[in-house]
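The values are calculated or read from the model by the stated rules, or taken from the named source; none is laboratory data. Being a predicted model, the structure only gives us computed values, none of them experimental. Positions of Cβ are generated from backbone atoms using ideal geometry, with glycine treated the same way; all protein chains shown enter the neighbour counts.
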Amino acid sequence: MEGMDGPSWRHTSPSYFVCGNRADVTQLLKTTPATKLTFSVIGVQPGIRRLAINAHLSDLMVFCISYARQGGAAKVYWLVNEPEN
């Protein structure tokens, strides 16, 4: 499956994604110049509200962000629950 993230008219360089197996990813990485690849890592914690993140949990989350950036991710962030008002 190949596709664009959202309508292409919104951005001059919209995000592009490819879903496949390990062989597909290996082939893509071998045939694409390194300067044309970017990676985003999104951590998802649906059971944790932003207000419930204490110092210990924050340290763990920051470590994960740092680790992903060291691995070459261009964008790294967490998604957590926001309380409904």
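Things worth noting here:
- If you go through the stretch 28-46 and keep only what is aliphatic (A, V, I, L, M) and either over 20 Å from ALA73 (Cβ atoms) or at pLDDT 80 or above (or both), you end up with LEU28, LEU29, VAL41, ILE42, VAL44.
So that you can scan it fast, the table gives a plain yes or no per residue for (1) of a type in the set (Val, Ile, Thr); (2) modelled with pLDDT of 80 or more; (3) in contact with a helix residue (DSSP H, G or I) (Cβ under 8 Å, 6 or more places away or on another chain):
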position: HIS11; (1), (2), (3): no, no, no
position: CYS19; (1), (2), (3): no, no, no
position: THR26; (1), (2), (3): yes, yes, no
position: ILE48; (1), (2), (3): yes, yes, yes
position: LEU51; (1), (2), (3): no, yes, no
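- Every residue from the stretch 30-74 that is among the hydroxyl-bearing types (Ser, Thr, Tyr) and either within 18 Å of the chain's Cα centre (by Cα) or not in a loop (DSSP other than H, G, I, E, B) (or both): THR31, THR35, THR38, SER40, SER58, SER66, TYR67
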